[in-house]
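Before any comments, here is the structure.
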Amino acid sequence: MSYILNRILSMLLTLFLISAVTFAVTNILPGDVAMIIMGTQSNPEALAGLRESLGLNDPLLAQYGRWIGGMLSGDWGTSLVFKEPIAPLLLQKMTASALIVLLSMTIALVCAVPLGVWAAVYPNRWQDTASSSASLLGVSLPDFFWGIMMILLFARGLGWLPSSGFVDPGEDVLGAFRHALLPSLALGLGLMAHLTRMTRATMTGILNQEFIRVARAKGLGERTVIWRYALANAVGPVMTVAGLQVGYLFGSIIVVESLFNYTGMGWLTYQGLLNRDIPLIQATVFVVAAVVMLANLLVDLLYVVVDPRIRLS
Amino acid sequence: MKLPAAFRNSKGMIGAVLVLAILLVAVIAPMLIPDDWATRMDMRARLSPPTWAHPLGTDQLGRDLMYRVLLGAHTSVFIASSAVLMSIVIGLPLGLISGYVGRMTDNVLMRLVDTLLSFPALLLALTISAVLGPNLQNTIIAIGIAFTPYLARIIRGEALRVSHMPYVEAARTAGNSDRRLIVRHILPNIMPAVIVQSTISLAFAILAEAGLSFLGLGTQPPDASWGLMIQASRDYLDRAPWTALVPGAAVALTVLGLNMFGDALRDALDPRSKGAS
Amino acid sequence: MLDSDRPLVSIDNLRVEFKGEDGPIVAVENVSFTIAPGETVCVVGESGSGKSVTSLSLMRLVEFGGGEITGGRLEFARDSGTTDLAHADPDTMRSIRGDEIGMIFQEPMTSLNPVFTIERQMTDGLRVHRGLSAGKARARALELLQQVRIPEPERRLKQYPHELSGGMRQRVVIAMAMACEPRLLIADEPTTALDVTIQAEILSLIDRLKRETGMAVLFITHDMAVVAQMADRVVVMFRGNLVEEGPVEEIFTNPKQDYTRALLAAVPRLGEMRGKPAPEPMRLIGAEPARSAPVPAAKPKPLLEVSNLTTRYPVKGGLFRRTIANVHAVEDVSFTINKGETLALVGESGCGKSSCGRSILRLTEPSSGQVLLDRSDITSLNDRDLRRAWRDMQMVFQDPFASLNPYMRLSEQVAEPLINFQLAAGSELKDRIATLFDRVELPRSFMTRFPHELSGGQRQRVAIARALAVNPKLIIADEAVSALDVSVQAQVLNLMMELQAELGVSFLFISHDMAVVERVSHRVGVMYLGRLVEIGSRAQVFENPQHPYTRSLMSAVPIADPTRRSIREDVQFRPIPSPVFPLGHEPGASEYDEVSPGHLVLKNGLGASVQ
């Protein structure tokens, strides 16, 4: 119980620090917001006026306070690029990205776990070499490369799936899925390679532990030993690794979504970065970091369910 | 001296060969290949597939892809190495102090590092690059800062582990000052982890540079990096897929080689292999 | 029904190989012996002898670790005739494992699956071999837990392994191995990782089960004392070969092979120091006779005076990770060590003896109390002066693998204290180091080597050389020989005693091994739950123990003499209570009775007793 409370308190502190870092990165580093909005050739008086109206001459701490206060009351600022309030934009794009993040994570886990176990059970034989080589290749190729491959193969080549665009699942589930599949595959393949390697490493570690030998000494069949005894101990560590990968995924979607013109969180962040839309950058970066942190918190809480040693201490 | 067992298998050897080859190209190519061989535009031969004249094809401006990709090695490797070096210069002392001193210092520093780890590395690098203005140096800074927390965390873990080893306590009772302890006892024992992690970071840095340049927030023309080459090929994927495949394969081979080498290095430097008799 | 004339197990010319970097490594070769039904055979040997590999081969578990049986037969008598286990197919082996042959291993802390309940782990074997339903299997599991005398068996079934102590986990593992009433129980070093009192419990348990069920036991161990207590017949192994075998009394009284004789000579036996005034080096075979032996000083002069030493560690938890409790590791401990003498601190795990040693050196800061070394107060020194004080006190640690820097040459590590304390430089430094290596009987060529090139015993010698470099007045040996093989241990102990005789250095010898302590100490202190419960001369404490805990500790130590079997009918020692107390808890001061001059016994009545 106190474990959970401690984690939540910790999370709140980290959330606060995340906001501070986000604000620092976007404001302390050199770069003039007014000039970005109006262009470098603008009239210096107009620039000064804009700076005043945007409150850019106030002390940093005051600006920070205003930003936080705004967020807490639901006002996340207005995008300079889209000229719309940011909050509803965030919500919409977040749902789009959530779809491909979840889809790619599912694809990756479903394939990676059996492959990793398989490689661990037959160490240094052809199963292991094949699986390890494939996953080594998988982590070495950049995500956008997989994306390009997917486009060339499935969209342009075979014409099965669309290569760009996004459809709201609220309106058309099948269409949403069709548009989400290629980006999810592009993300998922790299992820699957990494998770396969991690699963193999975890399983190898577990299979070397004493209780596995004891289980065999009891006369239990190999299948029981591996898929019940060993795997039950691998769930926790693999889950932790997968959770950490959520962070990596939210970085990769920036590239993949713009490749596929899939208008999700990554695409939105990219638009902000490209156009130096400071309010949008602040909001999107903060949200992404917060979501990543929440994913890690979720994993920690799930660990309580999975591992009785944490549950009962 | 016998080659360590980890390198006697094919994975280690292939990795080592690849890394050596890429390093060689990165260092020597700019000396052997005159700049204009890569920048010379031949509009009649634009977007041509591999031929005798242009063994790897040409891009949309008629430039020879083979020379461009060879020279691109220099840029990409230079950026990646500088970024990793920067992350070591910042992250090593940070992690070392945190792990050695422990307690409050460790708590505070690791809390900061964990906060930074909540930001996806690519996102952090992109943001820093966008805010500073994308060019070669800022790409190095952006990637360097983004990778520092990962390195700091790993080094802190190692420093913590080593600081509690009996030989460090024995060294303390042997009259060593804190400075001597760190330099003669702790640092040498965390170096294997630093080396392995650097190799892996290098691979990620190459990927990061490619990603940043692909999005237009990394190296800018006329600097030729592999990521920039892939970005330029986006509009021509249908007609001339090799314009993307050539630089993409270069990235893949480099990263693959580094990953294989890093894996073999990790196995070779595993502290468990020391101490068994 | 099995023919009791025919052997149960007949191992014939066994040869086992492992894949090595440069070709196959032969782990076991030419090993042949038999096990009769109902008999206990102990396979004894030091590390690398191949004793574990032999037992794993019998279960065909050795293949899972990369080994291969490349020769020989493993005949096992079953109802249907004898089967050669070496060539049996996997299905046959699976039906034999856990059913006709049970096996228990060394590490109880890791022998159980951490995420499954005890019930699940105990019943799945039963359900596979006997086809029992869930309910019937649970009932049988309960029966088994009662058979191994676990307290509160119903509660244990629902618990997870981490909620049980080491001794209890080993009982569960034994219960699991006994589930299907096997004809043979293979026990691979089952008590090596346990405290002496728990070891006594487990040994008596195995003995009782053997008598109740008539099963045979193949007992692997490195401890000759355990062999003397448990074995009917003994098999001695060395470097993969069988050296000697025979009935236990014959092996102990009339060993034929040199190796066996050397092994027996290296084993300290409890009780053989009776009547001897001072520690005595062991008479080893095949090694040079010891040069000198420590003699008690005519007028003892105090060197180390420890008064009311208390060390507590905070326990963090709850919200905000505050300190919620304290571990009372060392509680009001006082003793004196005289110049040129050895004081031993004995006790079981968690008694605070290591914490005591570390607190004296201030590697761990004591919470209160005073430590005087040669009249100067160690406890009040600042960091810089403390560093200088370490010139006079040094420590040798338990783990020879972890107490040397893997990346530093050995000569440099031995030189460090000399350089740091500015005791020598240049050619004089080189000479000092060479002399030190000579003193600890290591060849000078080792000076340029790195730790991983040396064996455990050799590393420990380097650690001793390093400690000696500054000519300290006191050396604290924290379980310094516990991780060494018996023969190596004896050599290192002899070295320590010679050094004491030559240099007059005092030792604080921390150990859990009573027989070793009897050999090397002038005075002995017994610790329990952080307190010193008894202290006196070695003769006083060993020949006339007064405190109930000391007595039960003595009774639990196995004696390396097969004619003096002391395994009693079901021993149960009270489990050691936890030394964790809430904040602000102030236990009373330690008060002692002086039973005879210099022999003090704690008054408060703390301590375990035999039930």
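With equal scatterers on the alpha carbons only and no solvent term, can you work out the Debye log10 of I(q)/I(0) for chain A at 0.14 1/Å? Summing over Cα pairs of chain A leads to -1.14.
Once you reduce region C:367-440 and region C:484-515 to the center of their Cα atoms, the two points are 19 Å from each other. Counted over all Cα-Cα pairs of region C:200-339, pairs farther apart than 26 Å make up 58 percent. For region B:63-78, backbone phi angles converted through the Karplus equation (6.51, -1.76, 1.60; θ = phi - 60°) give residue-by-residue couplings of 7, 5, 6, 4, 5, 4, 6, 5, 6, x, 4, 4, 4, 4, 5, 4 Hz, Gly and Pro being listed as x. Over chain A, with a Gaussian network built from C-alpha contacts below 10 Å, which listed residue (A:Gly190, A:Gly69, A:Gly219) shows the highest mean-square fluctuation? Result: A:Gly219 has the largest fluctuation of those listed.
Just checking the listed ones, A:Gln63, A:Gln245, A:Gln271: in the Gaussian network model of chain A with Cα springs under 10 Å, the one fluctuating most is A:Gln63. Going by the alpha-carbon gyration tensor, a ≥ b ≥ c the square roots of its eigenvalues, is chain C rounded (a/c under 1.5) or, if a/c is not under 1.5, prolate (a/b greater than b/c) versus oblate? Verdict is prolate for chain C.
Taking label points 7 Å from Cα along the Cα-to-Cβ direction, A:Arg223 and B:Arg179 give a separation of 6.7 nm. Taking amide hydrogens as placed 1.01 Å from N in the peptide plane, the amide H of B:Thr219 sits under 5 Å from those of B:Ser213, each at least 5 positions away in sequence or on another chain.
Counting Cβ atoms of other protein chains within 10 Å of each residue's Cβ and taking the mean over peptide C:114-125 gives 4. Volume per residue of the convex hull around the Cα atoms, evaluated for region C:9-265, comes out as 133 Å³. Extent along the principal axes, Cα only, for chain B: 77, 48, 30 Å, with the longest axis given first. Highest mobility in the GNM of chain A, judged by mean-square fluctuation with C-alpha springs under 10 Å and restricted to A:Ser53, A:Ser164, A:Ser184, is found for A:Ser53. The charge dipole of region C:9-265, taken about its Cα centre with unit charges on the Cβ of Lys, Arg, Asp and Glu (plus for the first two, minus for the last two), comes to roughly 940 debye. Overall, the protein assembly as shown carries a charge dipole of about 560 debye about its Cα centre when +1 sits on the Cβ of Lys and Arg and -1 on the Cβ of Asp and Glu, all other atoms neutral.
In straight-distance terms, cross-link reach from A:Lys83 covers every one of the lysines whose alpha-carbon lies under 24 Å from its own, apart from those fewer than eight places away in the same chain; here that gives A:Lys93. For the protein assembly as shown, the extents of the C-alpha atoms along the principal axes are 105, 77, 61 Å, listed from largest to smallest. Of interest is the spacing of the C-alpha centroids, which for region A:51-90 and region C:291-344 amounts to 63 Å. The alpha-carbon atoms of region C:1-137, seen along their principal axes, cover 50, 40, 27 angstrom, with the largest extent given first.
Taken over region B:126-277, the convex hull of the Cα atoms encloses 128 Å³ per residue. In the protein assembly as shown, a dipole from Cβ-located charges (positive for Lys and Arg, negative for Asp and Glu) runs towards its positive end, and of C:Phe219, A:Leu181, A:Leu298 it is A:Leu298 whose Cα lies farthest in that direction. Note that region C:61-152 shows a convex hull volume over its alpha carbon atoms of 149 Å³ per residue.
Spacing of the modelled spin labels on C:Arg551 and B:Arg161, each 7 Å from Cα toward Cβ, amounts to 4.9 nm. Shape call for region C:264-409 from the C-alpha gyration tensor, a ≥ b ≥ c root eigenvalues: rounded (a/c under 1.5), prolate (a/b greater than b/c) or oblate? Taking the square roots of the gyration eigenvalues as a ≥ b ≥ c, region C:264-409 is prolate.
The Cβ shell under 15 Å around C:Thr364 holds other residues with a net charge of +1, Lys and Arg each +1, Asp and Glu each -1.
For C:Lys301, the lysines whose Cα comes closer than 28 Å to its Cα, not counting residues fewer than 8 places off in the same chain, are C:Lys276, C:Lys339, C:Lys353, C:Lys473, C:Lys603.
So if we plug the beta-carbon distance of B:Asp235 and B:Leu20 into 1/(1 + (r/R0)^6) with R0 = 35 Å, what FRET efficiency do we get, rounded to 0.05? Please list the in-between numbers first.
On the way: r = 35 Å, r/R0 = 1.01.
Result of the calculation: an efficiency of 0.50.
Placing unit charges on the Cβ atoms of the charged side chains and taking the dipole of chain B about its Cα centre, the candidate lying farthest along the positive direction among B:Pro34, B:Ile206, B:Ala170 is B:Ala170.
For region A:119-151 and region B:169-191, what is the separation of their C-alpha centers, rounded to whole Å? Their Cα centres are 41 Å away from one another. In a DSSP loop and with at most 13 other Cβ atoms within 10 Å, the trypsin sites (Lys or Arg not before Pro) in region C:347-415 are C:Arg375. Modelled spin labels at A:Val81 and C:Leu386, positioned 7 Å past Cα toward Cβ, are 5.7 nm from each other.
Read-outs: derived from the displayed coordinates by stated rules, not from any lab. Remember, it's a predicted structure, so these values are computed and weren't measured experimentally. Backbone-built Cβ (ideal geometry, glycine too); neighbour counts: all protein chains shown.
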